[in-house]
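Contents: one structure, followed by commentary.
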Amino acid sequence: MERLIALDTERLVLFTSVGKIIEKGREALAACIRYLEDLAGKSKEFRDQGYDIDRIVREIFGGEHKFAEMTNGQYTTENLIRSILKI
């Protein structure tokens with residue numbers, strides 16, 4: 001995402017997989033980076049306090065997202081947290 005933001009272009013328009021067009025692509029990517037950095041910080045704090053993955057998911061997201069069931073467990077908040085923590 002940082003490489004996309006750094007591209008030497010006047011405009012950066014994003015086209016999402018769900019058909020949404022984001023005209024202010026740089027701003028959207030920067031916001032996404034900030035969100036993921038914040039999420040990583042919170043996740044690591046909880047891990048350092050001894051929380052397991054399930055508890056971290058509950059603390060941050062309130063539990064698993066419905067998307068987990070819809071995708072047969074392929075896209076889960078648990079997987080996101082595991083990826084952030086590199087578990």
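Taken together, the values in this text are just the output of simple stated rules run on the coordinates, not laboratory data. This is a predicted model, so every value here is computed, not measured. Cβ coordinates were reconstructed from backbone atoms using ideal geometry, including for glycine residues, and neighbour counts include every protein chain displayed.
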Legend entry - Test set (1) touching a Lys or Arg at 6+ places or on another chain (Cβ under 6 Å); (2) part of a helix (DSSP H, G or I) - Phe46 fails condition number: (1)
Legend entry - Neighbours by Cβ (under 6 Å, 6+ apart or cross-chain): first from segment 58-87, closer than 14 Å to Arg47 by Cβ; second of a type outside the set (A, V, I, L, M, F, W, C) and part of a helix (DSSP H, G or I): Ile60/Lys42; Ile81/Ser43; Ile84/Ser43; Leu85/Ser43; Leu85/Arg47
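Okay, residues lined up against (1) in a helix (DSSP H, G or I); (2) surrounded by 11 or more Cβ atoms within 10 Å (Cβ to Cβ):
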| position | (1), (2) |
| --- | --- |
| Leu12 | no, yes |
| Gly19 | no, no |
| Leu29 | yes, yes |
| Lys42 | yes, yes |
Inset, instruction - Taking the options Leu80, Leu7, Leu36, name whichever one is assigned to a loop (DSSP other than H, G, I, E, B), aliphatic (A, V, I, L, M) and out of contact with any strand residue (DSSP E or B) (no Cβ under 9 Å at 6 or more places or on another chain). - result: Leu7
Legend entry - Matching residues, segment 66-87, being surrounded by 15 or more Cβ atoms within 10 Å (Cβ to Cβ) and either more than 13 Å from the chain's Cα centre (by Cα) or at positive phi (or both): Ala68
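Scan segment 40-62 and give yes if some residue there is among the hydrophobic types (A, V, I, L, M, F, W, C) and within 11 Å of the chain's Cα centre (by Cα), otherwise no. Working first, answer last.
Looking only at segment 40-62, we keep the residues that are among the hydrophobic types (A, V, I, L, M, F, W, C), and these are 40, 46, 53, 56-57, 60-61.
From what's left, within 11 Å of the chain's Cα centre (by Cα): 40.
Yes, segment 40-62 contains at least one residue that is among the hydrophobic types (A, V, I, L, M, F, W, C) and within 11 Å of the chain's Cα centre (by Cα).
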